[in-house]
Amino acid sequence: MRKKLLLILITVLMLLNNCLLAEGILCLANEKSVVAEECTVNFSYTVEKPLPMFSGGAKLIVTRDDGWRNTRLINETGTTVDVSLTLQPGIYTIKLERDGYLNNIIENIIVDNRDLDLGNYDLVCGDINNDGIVDKLDLIATRRFLGKEYIVTDLNADGTTDLLDTIMIAQNYTRTAHHTEYTNITDLMCDMRPDPLGIDIASPYLSWKLSSTERGQKQTAFRIVVSSSLENFNNGNYDVWDYTEESSSMGLNYAGPALTPRSEYYWTVFVTDKDGNIIAPNTVARFETALFGDFGDANHWISAENAAFQNTTSTLNIDMTLDNIAVGVTFCQSDDYTKYLMWQINVSTGKVMFRPHYYTGSGWGLFAEKDISDIFPSVKDCIGVPFVMTIKTNNGTIETYINNKLIHTLNNPTYVGRIGAPELYLGGGEKGSIAWSLYDENDDFVYSKNQEQLMPYSAQLFRKSFILNNTTSVEKARLYVTAAGCHEMYMNGIRCSDDYLAPGKSDYTTELYYQTYDVTDILLSGENTIAGQVGVGWYNGGPIGSSYGMNLGLKAKLIITYADGSEQVIDTDGSWLSTKDGPVTVNRLYTGQTIDSRKNIDKWNENGSTFAGWGKVKVNDGIGLKLDNLVGENTMPIRAIREVHPVEVTNPAEKVFVYKFPTNMAGTVRVTASAPKDTAINFKYAEMLTASGYADISWMCPYEGGDQNGRDNYIFSGTGEETFEFSLVFHGFQYMEITGLDEAIPLENITGIVLSTDSERIGYFESSNEILTKYVENTVRSQESNFMGAIMDCPSREKNNWTGDAQGFSSTGTYLFNCYNIYRGFQEMTLSVQNDNGVVPEIVPLGGIKSPDATKTPSAWSDCIIIIPWNLYNQYGNNDILEMSYDGMKKWADYLIRTCADDNYVRLDGWYGDHVPVDRRLVDGEGLQLVGTAFSSYSIGILSKIANILGKTEDAAYYKAESEKFAAAWRNTYLLEDSITCKIDAQSAYVMGIYFDLYDTEEKKQKASDHLAKLIREGNAELGFEPGCMTVGFIGFPLVQYTLSRYDNLDEAFTILEQTKYPSILYPVTQGATTTWEHYAKEASLNHFMSGSFTAWIFSDLVGISHEYAAENAGYRHFVLRPTYGGSLTHVKGSLNSQSGLIKSEWNLSEDGKVFNYDCTVPANTSATLMLPVESENAMITEGGKDISLSDGVEFVKYENGRAIYEITSGVYHFVVTNK
C-alpha cells in the first residue's frame, strides 16, 4: 500500500525538478485513493527554474470526497518546500492544475498509517534487461543501452551508491541541477507498428523518435542493431544487422541479411546527439516474421462438408451473327430487375473485342474488355460470319466461350446459376440476329422470379483435437490463420485474439491477409482442441462488386516449438471435423446476424467427445476462387475500442423497445436477457427515429434485403439468463429497436461494442468554442466508425470503399490518427483494380474484377491513386508508398492525357463532381468538365513532384508541362475575360482554381479569393443561398478555408467556421449530432467522415501545425507553426504526435484582442517556421519573459502579410505578442 503512493510522489517531485509536464508519467492508474486510517505523508520539492509553459503557476491539490481540500503552490523558483499532510480516512484525489485548468489527474493511491519519506527511492527501480528480476545485471544492461560508461554516484540521494542509481541513469531522471534536461529515444516502430507479430515484409520500415527538453537538440548519427534472440541482444551480440549512418533521419528500411520466416528479431537504435553523446532507448523493440505466405503443401483450405448447397450449373448457347458494329446478349442478375449483365462483341475500334458490361441502376459500366483477334483475326472475319457464344455458370464462376474456345472468366457470385430474362441487346443503328437455348443440368431447378438464392449464409464451425507430442516445455506456439470469410479462432475454449472480422477486407483475387496469434499460454499439457467459427465477412454476400466466392473456408497452421527445438505442426486438412448446423444460422454484413441458441453446441471448442451432426471437412483448395496470394496482416486489426451502455429506453408500442446510446457509433451489441424457449426477438439499428419513435431505416440502400438491412435476430433456448453477442456483423447506429419481449431489457444488460481499426490517435483539439470542439470530436467518431478494416463511406448504409471520400478525407484522417497502414492497404486495393488502360473506379475493390473502361471516369474519386500517397508521404515521411504506387499513378495520368477532348486538355467526363453540395452547378453538365479538368491538372502536378522525389527527373518535367496544359485549358475554357471570374460562379470553382494553382499568378489568386469571400459574405438570393454560408460539396469541403485564410480573407473564413445556421459544419452539432453527416441537413447517412474534413484546416491553420511540401521536410522534419485567431475564439489548444515527435500549439487572446499568448513545443531533431500573427511591425514580442531577440533558438526572418516570421529550433517556447 505504501509503495503506490510513494511512486506517485516521487514522480511529482521529479516532474517539478525537471520543470516538465510529462503527461505520460503522471497518468499512472485508474482508481481513487483510499485511506483506511489516519496517516501522515511527508515530502519536499524544489523548483530549479520557472516552469516555462506556465504563466500563472501550478498547484498541487489534494481533495477528499467530503470536500476537504489542501492546495500547495509549486512555482517558487529555487525554494525547497516541505509538506506534511495528515490524512483522515476517506477517498482522495490528487490533481495537478495550472492557471485553473485541470491538466492531469493522479489516481489509484492506497496508503496506510505509516509516515512516508520521499528520500526513499525503492520504487524507481526497473528490470532493465527484462529478465524478470532487478539485479546487478541491470547495471550492465543500463550501460549498454546508454552506449557509454557513466560514473555512478548517489543520484537518488538515499545515502548509498548502488544499483538504484544506475536505474536513475537509465530512466534519464536525476535530482541534481546539472541534469535538469534530458534526451530520450521513444516510439520504436517496425512497419509503423509497435512490436508487430507476423509481418511478411522483406524490408520493413524501422523508425523512432527523439525526445528532449533541451533546445536545439538533434540527431547527428544513428546506429541500428538487430539480434536474432533476446539473449544475443542482452549480450551485445548484434548477429543480424549492425548499421551506422551519419544522418538526422529517424527511419529507414531494414537492409540487412534476408529475414527468415517465423523468426523473432530484437532491435534498438543508438543516437548520437548534437554534443556527441550516445543515447539509447530504455527498452528493446522486437518484431516477428510470419510464413511469408507459404503455408506448405500439407496445408489445405477446408470447408464444412454439410455446407454444400445446390450446385446449379447453367449453360446458355447463343447463335450470333454480327451484321454491323456490335451484337450482344443481356441477362438479368437480380429478381427486382435492377441489375443486368450484357455480353457484347464489338468492332467499333477496328478490332474484334469482347466487351462484358454490367448495369447497377445508375448506368452501364464495362468490365475489362478483351481482344479476341485470335478467334477473329480481322473485322471482316467476323461480320456476317455465324458463331456460337456459350455462357456457363458454375459455383459463382461465369465462363464465356466463342466457338467452344474460352475467352473470359468472371467470378461474380452474388447470384449463382441465375440467368433470367435473356434477351437480345442491340445498340442504336446496329443490326444482328440471335437464337438461344437455355437448359439446366440440374433437373430440379426452375428459373423464375423470386427464386431461392443459393448462398450458404450460416456460420461454419471447425475443430480438431490433438495431443502435445513432446514432454518438454513449450517454448512458443504460433497460429497462422485466414479465411474465405471471417474467422474467430479458439484454443481450448479461449479466444486466440480480441480482433473482429479477421482477416479483414482486401481484393481477395490479388491479396488475402492472414493473422499470426501467440497461443503459447493457452495450450494445455496433454490434449488440446483448436477450433474456429467462419462467417461470411466481406468475402461474399454484399452488393455487386463486393463478392468473391460461394464456399466459405478456413486455412490454419499451428506450429508448436518445444524447449528442445523440436516442432509439432497442426495443419488444416481432411482430419478436421466441421458442421454448418450451429447457432449462427445467418450472418451477412448488410442484413445482419441470426443466432438460434436452441442450436448451441456445448463446449464445441473445447476438449471432449465428437458431436452428433459433425462430419469430416471437405478439402476444398479452390474455395470457388484461387486464394494463393497470402500476406501477413499489415495493419492494426479491428478491435473493440470501447464499450458503452444505452442511456435511455422508450416503448413506442407493445413489445417494442427503443434504446438510445450516448453517441452514434459503428459496432455491435452484447446482451444479457432471459425469455421462454422459442421466443424470437428482432434487433433493428438506426441513426435516427421516425416521428412515432421507431428506429428509422427507411433511407437504407436496398443492396441486400431492403427493409431487412441492418437487423439481427435472436431465438432463446429458455435455459435461464442468456448472454449473446452479434460478433460476425457490425452496424452504424445510435438507436436500437428490440421487438418481441414483454418487458424492456435493463440498460445495464445491454452493451454497445464500438468497433474500429485499432489505430493510435495522434491529434487532439480543444477551443473556447464548445460547438467547434464538439465538431472535431464528431469527426473523430466518424473516422473511427468508417475505418473498419478498410475505409468506408458510412457504416450503416453502403459500407462501400468510395475512393473520393477516402481521398478528400486523407489530410484530416492523418492529423487525427496514425492511419498510414490502413491507407496503404486501401492504396493496394486501388492498384489491384486499376485496369490496364489506367482507369480507377469509384469504389474499391470491385469483387475480383478490374475497373471498367467507361466513357466517363469519376474525377476526384479516381485521382485518389495519386493524392492519397502524396498526403501520406507528407504526413509520415515514408516514401515507400510513393514507390509502390508510382507505376499506377503514371497509368492514371497517362489515361487522363490520352483521353482529353480533341487534344484540348478539357476533360469531358466526371460522375459526381462537387458531390452533395448546396450549389449543384458543379455536379452535372459543364460543371463536371470544369471539375475533371481542374483535378487532372492538380493530380498530374502532384505526380511531377513525386517523380522529382523519386529521382525521375524526365518524368517530373514531362508531367509538370502536362499539368500546366490542363491548367491553361481550365483558364481558357471556364474563366471570363477578366481571367478571374468563373463562368460557373460557384464557390468550389474558385476553391479549385486557387488551391490547385490553376490561376497563373498570385495576384489572380488573391482576386479570386476576394471574390470567393464576396460570394460567401453576400450569398445568392436568386439561387437561395444564405449570406455567410458555404455552398460547397465534397470537393470544396476540405479546401475552402485554405483559399480564404491564406489570402487574408479571415473574416469570411471564421464566419463559415463558426456559422451554426444551415448550411454549415456546425449546424449538425446544434441539432445534437455526435458524428458528422453526409449532407448539411439531417438526411441519409448521419455518419460520413467526409464532412469532417474541415478538421485538417483546423489543425494546420487554427491550431497552426502544418507540414511542408518538400522532400527533405516530409513527416514534420521541418514544419510551419501558423496559429490563426479570429471570430469569437479566445483560446485554442492542439497537439499532434507526428512521425517526428509530439508537436504542441496553444494560444490565448486577451479580452481586448491586444495580447496574444502562444505556447508551442517543437520536437527534438526538427525545426519550424513560426508565423506569429501581428497587427503591425511595432508589436512587442517576448519569449520566455524576455525580448524575443534574446531568446535562444529563435531567428527572425521577416514581416509578411500580418505575420512576424521566425525560424526556431526544437524546444518548448512561450511567446507573448502585445499589439500597440
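Determine whether segment 816-824 contains at least one residue that is at pLDDT 95 or above, closer than 30 Å to HIS1107 by Cβ and in contact with a Pro (Cβ under 9 Å, 6 or more places away or on another chain).
Keep residues of segment 816-824 that are at pLDDT 95 or above, which gives 816-824.
With closer than 30 Å to HIS1107 by Cβ added as a condition, the list becomes 816-824.
Adding the requirement that they be in contact with a Pro (Cβ under 9 Å, 6 or more places away or on another chain) leaves 823-824.
The answer is yes; a qualifying residue exists.
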### Query
With (1) surrounded by 22 or more Cβ atoms within 10 Å (Cβ to Cβ); (2) farther than 30 Å from SER1064 by Cα as the list, and HIS915 as the residue in question, which single condition is left unmet?
(2)
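Check LEU998, LEU1012 and return the single one that is assigned by TED's automatic domain parsing to the domain that holds GLY1036, in a loop (DSSP other than H, G, I, E, B), surrounded by 23 or more Cβ atoms within 10 Å (Cβ to Cβ) and among the hydrophobic types (A, V, I, L, M, F, W, C). Write out each step before concluding.
Working: LEU1012 fails: in a loop (DSSP other than H, G, I, E, B).
When all the criteria are applied, what remains is LEU998.
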### Task
Filter segment 500-518 down to the residues that are modelled with pLDDT of 95 or more and among the polar types (S, T, N, Q), then identify the one that is farthest from the chain's Cα centre (by Cα).
THR516
### Residues located in segment 932-956, provided they are more than 20 Å from THR1001 (Cα to Cα) and outside any loop (DSSP other than H, G, I, E, B)
GLY932, LEU943, ILE946, ALA947, ASN948, ILE949, THR953, GLU954, ASP955, ALA956
### Query
Regarding TYR990, is this residue in a helix (DSSP H, G or I), in contact with a His (Cβ under 8 Å, 6 or more places away or on another chain) and either closer than 19 Å to LEU1066 by Cα or modelled with pLDDT of 95 or more (or both)?
yes
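For (1) at pLDDT below 95; (2) crowded, with 20+ Cβ neighbours inside 10 Å; (3) touching a strand residue (DSSP E or B) at 6+ places or on another chain (Cβ under 6 Å), each residue gets a yes or a no:
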{"site": "PRO662", "(1), (2), (3)": "no, no, yes"}
{"site": "MET665", "(1), (2), (3)": "no, yes, yes"}
{"site": "THR668", "(1), (2), (3)": "no, yes, yes"}
{"site": "PRO676", "(1), (2), (3)": "no, no, no"}
{"site": "ILE681", "(1), (2), (3)": "no, no, yes"}
{"site": "LYS684", "(1), (2), (3)": "no, yes, yes"}
{"site": "ASP696", "(1), (2), (3)": "yes, no, yes"}
{"site": "MET700", "(1), (2), (3)": "yes, yes, no"}
{"site": "ASP707", "(1), (2), (3)": "yes, no, no"}
### Out of GLU1002, GLU1026, GLU1022, sole residue that is free of Cβ contacts under 8 Å to residues at least 12 places away in the same chain, charged (D, E, K, R) and over 23 Å from THR933 (Cβ atoms)
GLU1022
### Message
Need pairs with beta-carbon distance below 6 Å; first residue farther than 19 Å from LEU831 by Cβ and within segment 800-818, second small (Gly, Ala, Ser) and in a helix (DSSP H, G or I); sequence gap 6+ or separate chains.
### Response
SER811/ALA1096; THR812/ALA1096; TYR815/ALA1096
### Summary
Quick count over segment 180-239, residues being within 30 Å of the chain's Cα centre (by Cα), part of a loop (DSSP other than H, G, I, E, B) and under 23 Å from HIS1118 (Cα atoms), is 2
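Got a sec? Which of PRO543, PRO583 is crowded, with 17+ Cβ neighbours inside 10 Å, modelled with pLDDT of 95 or more, of a type outside the set (Asp, Glu) and over 17 Å from THR482 (Cβ atoms)?
Working: PRO543 fails: modelled with pLDDT of 95 or more.
So the residue among PRO543, PRO583 that is crowded, with 17+ Cβ neighbours inside 10 Å, modelled with pLDDT of 95 or more, of a type outside the set (Asp, Glu) and over 17 Å from THR482 (Cβ atoms) is PRO583.
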### Task
Scan (1) crowded, with 18+ Cβ neighbours inside 10 Å; (2) more than 23 Å from PRO583 (Cβ to Cβ); (3) at pLDDT 95 or above for the single condition ALA640 breaks and write down its number.
(2)
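Going residue by residue through segment 224-240, is there one that turns out to be in contact (Cβ under 8 Å) with a residue 24 or more places away in the chain, of a type outside the set (Gly, Ala, Ser) and surrounded by fewer than 18 Cβ atoms within 10 Å (Cβ to Cβ)?
Residues of segment 224-240 in contact (Cβ under 8 Å) with a residue 24 or more places away in the chain: 224-230, 232-234, 236, 240.
Now drop any that are not of a type outside the set (Gly, Ala, Ser), which leaves 224-226, 230, 232-234, 240.
Pick out the ones that are also surrounded by fewer than 18 Cβ atoms within 10 Å (Cβ to Cβ) and you get 230, 232.
Scanning segment 224-240, I find at least one residue that is in contact (Cβ under 8 Å) with a residue 24 or more places away in the chain, of a type outside the set (Gly, Ala, Ser) and surrounded by fewer than 18 Cβ atoms within 10 Å (Cβ to Cβ), so the answer is yes.
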### Message
Please go through segment 761-787 and give me each residue that is surrounded by 24 or more Cβ atoms within 10 Å (Cβ to Cβ) and either without any contact (Cβ under 8 Å) to a residue 12 or more places away in the chain or closer than 18 Å to ALA640 by Cα (or both), ordered by number.
### Response
SER782, GLN783, GLU784, SER785, ASN786, PHE787
### Query
Hey, any hits in segment 412-434 for a residue that's modelled with pLDDT of 50 or more, among the aliphatic types (A, V, I, L, M) and assigned to a loop (DSSP other than H, G, I, E, B)?
no
### Query
Of the residues ALA531, ALA563, which is in contact with a Gly (Cβ under 9 Å, 6 or more places away or on another chain) and either of a type in the set (Gly, Ala, Ser) or more than 28 Å from THR397 (Cβ to Cβ) (or both)?
ALA531
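Yes or no, residue by residue, for (1) on the phi > 0 side of the Ramachandran plot; (2) surrounded by fewer than 21 Cβ atoms within 10 Å (Cβ to Cβ); (3) at pLDDT 95 or above:
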residue: ALA258; (1), (2), (3): no, yes, yes
residue: ASP294; (1), (2), (3): no, yes, no
residue: ASP319; (1), (2), (3): no, yes, no
residue: VAL327; (1), (2), (3): no, no, no
residue: ASP335; (1), (2), (3): no, yes, no
residue: GLY361; (1), (2), (3): yes, yes, no
### Task
Consider ILE345 carefully, then state whether it is at pLDDT 90 or above, surrounded by 17 or more Cβ atoms within 10 Å (Cβ to Cβ), at negative phi and in a strand (DSSP E or B).
yes
#### Entry: In segment 718-738, the residues that are of a type outside the set (A, V, I, L, M, F, W, C) and buried (at least 19 other Cβ atoms within 10 Å of the Cβ)
SER727, HIS731, GLY732, GLN734, TYR735, GLU737
### Query
Regarding SER597, is this residue in contact with an Asp or Glu (Cβ under 7 Å, 6 or more places away or on another chain), small (Gly, Ala, Ser) and crowded, with 22+ Cβ neighbours inside 10 Å?
no
### Query
Is segment 496-507 home to any residue that is in contact (Cβ under 8 Å) with a residue 40 or more places away in the chain, part of a strand (DSSP E or B) and either touching a Phe, Trp or Tyr at 6+ places or on another chain (Cβ under 6 Å) or more than 22 Å from THR668 (Cα to Cα) (or both)?
no
### THR1166, sole failed condition from (1) assigned to a strand (DSSP E or B); (2) more than 36 Å from the chain's Cα centre (by Cα)
(2)
### Task
For ASN172, indicate whether it is at pLDDT 55 or above, of a type outside the set (Gly, Ala, Ser) and over 23 Å from the mean Cα position of the chain (by Cα).
no
### Task
Read through the list (1) over 26 Å from GLY553 (Cα atoms); (2) at pLDDT below 95, then give the number of the only condition that MET455 fails.
(1)
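The values are calculated or read from the model by the stated rules, or taken from the named source; none is laboratory data. Just so it is clear, the model here is predicted, and its values are computed rather than measured. A quick note on method: Cβ atoms are made from the backbone with ideal geometry, for glycine too, and the neighbour counts reach across all protein chains shown.
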